[in-house]
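Colleague: Have a look at this one before I ask anything.
The values are calculated or read from the model by the stated rules, or taken from the named source; none is laboratory data. Not measured: the values here are computed from a predicted model. Just so you know, the surface numbers come from the protein's heavy atoms only, side chains and all, with ligands and any DNA or RNA stripped out. Shrake-Rupley method; radii C 1.70, N 1.55, O 1.52, S 1.80 Å.
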Amino acid sequence: QVQLVESGGGLVQAGGSLRLSCAASRRTFSSGAMGWFRQTPGKEREFVAAIRWSGGTTYYADSVKGRFTISRDDAKNTVYLQMNSLKPEDTAVYYCAAARLATWPTARSEYDYWGRGTQVTVSS
């Protein structure tokens, strides 16, 4: 019973930046995590970034390391994804997800709740 709402998507030129936000109706278990995944038509939903609630350990897909940063605001129960140096291949629907218990925060199967997604389009 966790509602997730993403926001911040849009259209940007290559090299530009966007910050996605994910507001949760309530915090998941302290042992859990919040993550960002993305999906394009005909492809599997792929891991982008994740952060553990306890300790704040972060994880990133190789394709976004050095460009994307995941962070959290405990007071607002919100997770952010700062995306810099965007590339056309970053174009996708980005989904926020919450895991009550995440042994492997990079795996889709670990997540229990999902937002509806927000479109990010990066033009050439």
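Colleague: Can you return the lysines within cross-link range of K87? Criterion is Cα-Cα under 29 Å, with same-chain partners fewer than 8 residues away left out.
Modeller: K87 reaches K43, K65.
Colleague: Tell me, what is the 1.4 Å probe accessible area of E44, in Å² to the nearest 10?
Modeller: Result for E44: roughly 140 Å² accessible.
Colleague: Shifting gears a bit: Taking the chain as a Gaussian network, where each spring joins two C-alpha atoms under 10 Å apart, which residue of W114, W36, W104 fluctuates the most?
Modeller: W104
Colleague: Can I ask one more? Please tell me the relative contact order of the chain in percent, rounded to the nearest whole number, where contacts are Cα pairs under 8 Å and at least six residues apart.
Modeller: Numbers: 320 pairs, mean separation 44.1, N = 124.
Rounded, it is 36 percent for the chain.
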